Amino acid sequence: MFMESRIKLKKYMICAIIMLTFSMIFAGCAPQSQTSTNEPTDEMKNVSAEDSLKLLEEGNARFVSAETTTKDISEAKREDLSVAGQFPFAVIVSCSDSRVPPMLIFDQGLGDLFEIRVAGNVIDPVSLGSIEYAVEHLGSPLVVVMGHEKCGAVKATQEGGEAPGSIGSIVEKIKPAVEKVKASGVAEDQVYEKAIDENIKNAIAEIEKSPIVEELVASGKLKVVGAKYDLDTGKVEFLSE
Ligand SMILES: [Zn+2]
(Lines give C-alpha, C1' and ligand atoms only; values in the text may rest on other atoms or scores of the structure.)
Protein backbone atom coordinates (compact mmCIF):
# COMPACT_ATOMS: atom_id res chain seq x y z
CA MET A 1 0.00 0.00 0.00
CA PHE A 2 2.76 2.37 1.00
CA MET A 3 4.74 1.46 -2.13
CA GLU A 4 1.66 2.08 -4.28
CA SER A 5 1.21 5.59 -2.97
CA ARG A 6 4.92 6.30 -3.48
CA ILE A 7 4.64 5.21 -7.13
CA LYS A 8 1.54 7.40 -7.53
CA LEU A 9 3.39 10.34 -5.99
CA LYS A 10 6.31 9.77 -8.36
CA LYS A 11 3.91 9.74 -11.32
CA TYR A 12 2.33 13.01 -10.18
CA MET A 13 5.75 14.59 -9.80
CA ILE A 14 6.83 13.51 -13.29
CA CYS A 15 3.58 14.89 -14.71
CA ALA A 16 4.07 18.16 -12.85
CA ILE A 17 7.65 18.50 -14.12
CA ILE A 18 6.55 17.81 -17.70
CA MET A 19 3.75 20.37 -17.44
CA LEU A 20 6.08 22.93 -15.88
CA THR A 21 8.64 22.38 -18.62
CA PHE A 22 6.00 22.86 -21.34
CA SER A 23 4.65 26.00 -19.72
CA MET A 24 8.21 27.39 -19.50
CA ILE A 25 8.83 26.60 -23.16
CA PHE A 26 5.62 28.32 -24.22
CA ALA A 27 6.27 31.25 -21.91
CA GLY A 28 9.70 31.56 -23.50
CA CYS A 29 8.19 31.60 -26.99
CA ALA A 30 5.48 34.12 -26.26
CA PRO A 31 7.63 37.26 -25.97
CA GLN A 32 9.35 36.40 -29.29
CA SER A 33 6.12 36.23 -31.23
CA GLN A 34 4.95 39.44 -29.56
CA THR A 35 8.10 41.34 -30.48
CA SER A 36 8.07 40.08 -34.04
CA THR A 37 5.89 42.87 -35.37
CA ASN A 38 4.00 42.51 -38.61
CA GLU A 39 4.20 46.21 -39.36
CA PRO A 40 7.08 47.80 -41.27
CA THR A 41 9.16 49.91 -38.93
CA ASP A 42 9.91 53.57 -39.69
CA GLU A 43 13.47 52.45 -40.23
CA MET A 44 12.28 50.17 -43.04
CA LYS A 45 10.07 52.84 -44.60
CA ASN A 46 12.49 55.76 -44.41
CA VAL A 47 15.59 54.34 -46.04
CA SER A 48 17.07 56.93 -48.41
CA ALA A 49 18.97 56.18 -51.61
CA GLU A 50 22.18 57.10 -49.79
CA ASP A 51 21.38 54.72 -46.91
CA SER A 52 20.54 52.02 -49.42
CA LEU A 53 23.79 52.52 -51.31
CA LYS A 54 25.73 52.34 -48.04
CA LEU A 55 24.01 49.08 -47.09
CA LEU A 56 24.97 47.61 -50.47
CA GLU A 57 28.57 48.79 -50.21
CA GLU A 58 28.92 47.41 -46.70
CA GLY A 59 27.32 44.12 -47.73
CA ASN A 60 29.64 43.79 -50.71
CA ALA A 61 32.66 44.49 -48.51
CA ARG A 62 31.57 41.61 -46.26
CA PHE A 63 31.16 39.38 -49.33
CA VAL A 64 34.60 40.29 -50.68
CA SER A 65 36.26 39.47 -47.37
CA ALA A 66 34.16 36.29 -47.01
CA GLU A 67 32.72 37.59 -43.73
CA THR A 68 29.08 37.39 -44.67
CA THR A 69 26.44 37.49 -41.97
CA THR A 70 24.07 34.69 -41.05
CA LYS A 71 20.66 35.37 -42.56
CA ASP A 72 17.39 35.05 -40.71
CA ILE A 73 15.47 32.37 -42.59
CA SER A 74 13.35 31.40 -39.61
CA GLU A 75 9.65 30.65 -39.79
CA ALA A 76 9.01 33.87 -37.84
CA LYS A 77 10.89 35.93 -40.43
CA ARG A 78 9.03 34.31 -43.30
CA GLU A 79 5.74 34.90 -41.50
CA ASP A 80 6.60 38.57 -40.93
CA LEU A 81 7.35 39.08 -44.61
CA SER A 82 4.25 37.17 -45.59
CA VAL A 83 1.94 39.23 -43.38
CA ALA A 84 3.58 42.67 -43.52
CA GLY A 85 4.60 42.42 -47.17
CA GLN A 86 7.96 43.36 -48.62
CA PHE A 87 9.94 46.57 -48.29
CA PRO A 88 13.08 45.92 -50.36
CA PHE A 89 15.58 48.74 -49.87
CA ALA A 90 17.03 48.40 -53.38
CA VAL A 91 16.13 47.19 -56.85
CA ILE A 92 18.96 45.34 -58.55
CA VAL A 93 18.89 44.85 -62.31
CA SER A 94 21.56 42.30 -63.09
CA CYS A 95 22.58 39.63 -65.57
CA SER A 96 21.18 36.11 -65.24
CA ASP A 97 24.77 34.82 -65.15
CA SER A 98 25.03 32.22 -62.39
CA ARG A 99 28.17 33.90 -61.06
CA VAL A 100 26.36 37.15 -60.35
CA PRO A 101 23.70 36.61 -57.67
CA PRO A 102 22.86 39.99 -56.05
CA MET A 103 21.66 38.61 -52.72
CA LEU A 104 25.00 36.90 -52.15
CA ILE A 105 27.15 39.64 -53.64
CA PHE A 106 25.54 42.27 -51.39
CA ASP A 107 25.18 39.90 -48.41
CA GLN A 108 21.45 40.51 -48.00
CA GLY A 109 18.57 38.36 -46.83
CA LEU A 110 14.92 37.66 -47.43
CA GLY A 111 12.93 40.77 -48.34
CA ASP A 112 15.96 43.05 -48.80
CA LEU A 113 16.44 43.19 -52.56
CA PHE A 114 14.01 43.32 -55.46
CA GLU A 115 15.89 41.56 -58.22
CA ILE A 116 15.37 41.71 -61.96
CA ARG A 117 17.70 39.31 -63.69
CA VAL A 118 17.95 38.92 -67.41
CA ALA A 119 20.87 38.00 -69.66
CA GLY A 120 22.89 41.13 -70.43
CA ASN A 121 20.91 43.14 -67.83
CA VAL A 122 18.85 44.65 -70.63
CA ILE A 123 15.61 46.54 -70.18
CA ASP A 124 12.38 45.57 -71.90
CA PRO A 125 8.77 46.51 -71.08
CA VAL A 126 8.42 43.62 -68.62
CA SER A 127 11.61 44.38 -66.70
CA LEU A 128 10.78 48.09 -66.73
CA GLY A 129 7.32 47.32 -65.37
CA SER A 130 8.93 45.30 -62.58
CA ILE A 131 11.19 48.23 -61.71
CA GLU A 132 8.24 50.63 -61.75
CA TYR A 133 6.30 48.34 -59.44
CA ALA A 134 9.18 48.21 -56.95
CA VAL A 135 9.87 51.94 -56.84
CA GLU A 136 6.30 53.14 -57.03
CA HIS A 137 4.41 50.47 -55.10
CA LEU A 138 7.03 49.10 -52.71
CA GLY A 139 8.88 52.39 -52.23
CA SER A 140 12.40 51.19 -53.01
CA PRO A 141 14.62 54.30 -53.06
CA LEU A 142 17.44 52.95 -55.23
CA VAL A 143 17.77 51.17 -58.58
CA VAL A 144 21.14 49.65 -59.40
CA VAL A 145 21.89 48.40 -62.90
CA MET A 146 24.71 45.97 -62.28
CA GLY A 147 26.63 44.70 -65.28
CA HIS A 148 29.58 42.43 -64.87
CA GLU A 149 33.04 41.68 -66.18
CA LYS A 150 33.20 39.09 -69.01
CA CYS A 151 29.46 39.17 -69.71
CA GLY A 152 28.70 36.41 -72.22
CA ALA A 153 25.69 38.23 -73.63
CA VAL A 154 27.82 41.24 -74.56
CA LYS A 155 30.53 38.95 -75.94
CA ALA A 156 28.03 37.15 -78.16
CA THR A 157 26.76 40.49 -79.44
CA GLN A 158 30.27 41.71 -80.15
CA GLU A 159 31.16 38.54 -82.04
CA GLY A 160 27.99 38.63 -84.13
CA GLY A 161 26.93 35.46 -85.89
CA GLU A 162 23.74 33.54 -85.57
CA ALA A 163 21.48 34.06 -82.55
CA PRO A 164 18.90 31.24 -82.61
CA GLY A 165 15.48 31.30 -81.02
CA SER A 166 14.76 34.37 -78.96
CA ILE A 167 18.42 35.03 -78.15
CA GLY A 168 18.37 37.55 -80.99
CA SER A 169 16.12 39.82 -78.93
CA ILE A 170 18.86 40.11 -76.29
CA VAL A 171 21.51 40.75 -78.91
CA GLU A 172 19.40 43.51 -80.47
CA LYS A 173 19.21 45.22 -77.07
CA ILE A 174 22.98 45.10 -76.53
CA LYS A 175 23.97 45.96 -80.12
CA PRO A 176 23.77 49.78 -79.76
CA ALA A 177 26.33 49.66 -76.93
CA VAL A 178 28.78 47.54 -78.94
CA GLU A 179 28.35 49.67 -82.06
CA LYS A 180 28.86 52.92 -80.15
CA VAL A 181 32.09 51.68 -78.56
CA LYS A 182 33.40 50.33 -81.88
CA ALA A 183 32.63 53.65 -83.55
CA SER A 184 34.51 55.55 -80.83
CA GLY A 185 37.76 54.12 -82.14
CA VAL A 186 38.98 52.42 -78.96
CA ALA A 187 41.53 49.63 -79.28
CA GLU A 188 39.99 46.34 -80.37
CA ASP A 189 40.95 44.60 -77.12
CA GLN A 190 39.05 47.21 -75.13
CA VAL A 191 35.79 47.01 -77.02
CA TYR A 192 34.40 44.13 -74.94
CA GLU A 193 34.72 45.66 -71.48
CA LYS A 194 33.81 49.17 -72.66
CA ALA A 195 30.70 47.78 -74.36
CA ILE A 196 29.69 46.25 -71.02
CA ASP A 197 29.97 49.71 -69.42
CA GLU A 198 28.05 51.29 -72.27
CA ASN A 199 25.34 48.65 -72.00
CA ILE A 200 24.88 49.56 -68.32
CA LYS A 201 24.49 53.23 -69.29
CA ASN A 202 21.93 52.32 -71.96
CA ALA A 203 19.88 50.36 -69.43
CA ILE A 204 19.92 53.33 -67.04
CA ALA A 205 18.80 55.64 -69.87
CA GLU A 206 15.90 53.32 -70.68
CA ILE A 207 14.85 53.13 -67.03
CA GLU A 208 14.96 56.91 -66.72
CA LYS A 209 12.59 57.25 -69.69
CA SER A 210 9.82 55.86 -67.49
CA PRO A 211 7.52 58.70 -66.34
CA ILE A 212 7.10 56.94 -62.97
CA VAL A 213 10.86 56.78 -62.46
CA GLU A 214 11.34 60.31 -63.80
CA GLU A 215 8.87 61.76 -61.33
CA LEU A 216 10.35 59.94 -58.34
CA VAL A 217 13.89 60.96 -59.32
CA ALA A 218 12.78 64.59 -59.77
CA SER A 219 11.19 64.61 -56.31
CA GLY A 220 14.38 63.25 -54.75
CA LYS A 221 12.79 59.99 -53.67
CA LEU A 222 14.73 57.77 -56.06
CA LYS A 223 18.19 57.33 -57.52
CA VAL A 224 19.23 55.17 -60.45
CA VAL A 225 22.89 54.18 -60.53
CA GLY A 226 25.17 51.88 -62.49
CA ALA A 227 27.56 49.31 -61.08
CA LYS A 228 29.95 46.67 -62.35
CA TYR A 229 30.82 43.38 -60.70
CA ASP A 230 34.32 41.94 -60.88
CA LEU A 231 34.13 38.16 -61.16
CA ASP A 232 37.56 37.53 -59.61
CA THR A 233 37.63 39.94 -56.68
CA GLY A 234 33.88 39.87 -55.99
CA LYS A 235 33.92 43.63 -55.73
CA VAL A 236 31.13 45.84 -57.03
CA GLU A 237 32.27 49.18 -58.36
CA PHE A 238 29.54 51.79 -58.41
CA LEU A 239 29.92 53.86 -61.57
CA SER A 240 29.97 57.61 -61.48
CA GLU A 241 27.70 59.44 -63.89
ZN1 LIG B 1 26.25 38.55 -68.21
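The values are calculated or read from the model by the stated rules, or taken from the named source; none is laboratory data. All figures in this text were calculated on a predicted structure; none of them were measured in a lab. For neighbour counting, all protein chains shown are included, and Cβ atoms are generated from backbone atoms with ideal geometry for every residue, glycine included. For the accessible areas, the whole protein counts, side chains as well, though only heavy atoms, and no ligand, DNA or RNA atoms are used. Shrake-Rupley method; radii C 1.70, N 1.55, O 1.52, S 1.80 Å.
Suppose we keep only residues that are more than 11 Å from V213 (Cα to Cα) and more than 16 Å from the chain's Cα centre (by Cα) within segment 121-138. Which one would you say is farthest from the ligand (Cβ to nearest atom)?
Of segment 121-138, the ones more than 11 Å from V213 (Cα to Cα) are 121-127, 130, 137-138.
Adding the requirement that they be more than 16 Å from the chain's Cα centre (by Cα) leaves 122-126, 137.
Numbers: V122: 10, I123: 14, D124: 16, P125: 21, V126: 18, H137: 28 Å.
Filtering first and then ranking leaves H137.
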Quiz item: Does K175 count as basic (K, R) and out of contact with any strand residue (DSSP E or B) (no Cβ under 7 Å at 6 or more places or on another chain)?
Solution: yes
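Do you know which residues across segment 193-220 are farther than 19 Å from E136 by Cα, among the charged types (D, E, K, R) and under 21 Å from the mean Cα position of the chain (by Cα)?
Step one: of segment 193-220, the residues farther than 19 Å from E136 by Cα are 193-202.
Within this subset, residues satisfying the condition of being among the charged types (D, E, K, R) are 193-194, 197-198, 201.
Of everything in segment 193-220, those that are farther than 19 Å from E136 by Cα, among the charged types (D, E, K, R) and under 21 Å from the mean Cα position of the chain (by Cα) turn out to be D197, K201.
For segment 153-169, state whether one or more residues are closer than 30 Å to P88 by Cα and open to solvent by less than 10 Å² (accessible area, probe 1.4 Å). I'd like the intermediate steps shown before the answer.
In the first step, residues of segment 153-169 are kept if they are closer than 30 Å to P88 by Cα; the result is 153-154, 169.
From what's left, open to solvent by less than 10 Å² (accessible area, probe 1.4 Å): 154.
Looking for residues that are closer than 30 Å to P88 by Cα and open to solvent by less than 10 Å² (accessible area, probe 1.4 Å), one finds at least one in segment 153-169, hence yes.
Which residue, of G220, G234, is open to solvent by less than 30 Å² (accessible area, probe 1.4 Å) and closer than 22 Å to D51 by Cα?
On the way: G220 fails: open to solvent by less than 30 Å² (accessible area, probe 1.4 Å).
Only one candidate passes the filter, namely G234.
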Practice problem: Just need a number here: residues in segment 229-241 that are within 15 Å of V143 (Cβ to Cβ) and either in contact with a Leu (Cβ under 9 Å, 6 or more places away or on another chain) or aromatic (F, W, Y) (or both). | Solution: 2
Quiz item: Take the residues of segment 76-106 that are touching a residue at least 60 places away in the same chain (Cβ under 8 Å), within 16 Å of the ligand (Cβ to nearest atom) and within 14 Å of the chain's Cα centre (by Cα): which is nearest to L56 (Cα to Cα)?
Solution: I105
Quiz prompt | Hey, V118 within 16 Å of the ligand (Cβ to nearest atom), at negative phi and more than 14 Å from the chain's Cα centre (by Cα) or not | solution = no
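Have a look at A61, A90, A49 and point out the one that is modelled with pLDDT of 95 or more, surrounded by fewer than 16 Cβ atoms within 10 Å (Cβ to Cβ) and closer than 18 Å to L142 by Cβ. Quick ask: steps written out before the conclusion?
Numbers: A90 fails: surrounded by fewer than 16 Cβ atoms within 10 Å (Cβ to Cβ); A49 fails: surrounded by fewer than 16 Cβ atoms within 10 Å (Cβ to Cβ).
Unique residue meeting the criteria: A61.
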Practice problem: Would you please list the contacts, defined by Cβ atoms under 8 Å and residues six or more apart or on different chains, that run from a residue in segment 141-167 that is assigned by TED's automatic domain parsing to the domain that holds D112 to a residue that is within 16 Å of the ligand (Cβ to nearest atom) and of a type in the set (D, E)? | Solution: G147/D197; H148/D97; H148/D230; E149/E193; E149/D230; E149/D232; C151/D97; G152/D97
Exercise. Kindly list the number of the only condition in (1) without any contact (Cβ under 8 Å) to a residue 24 or more places away in the chain; (2) open to solvent by less than 20 Å² (accessible area, probe 1.4 Å); (3) under 22 Å from K54 (Cβ atoms) that fails for V213.
Key: (1)
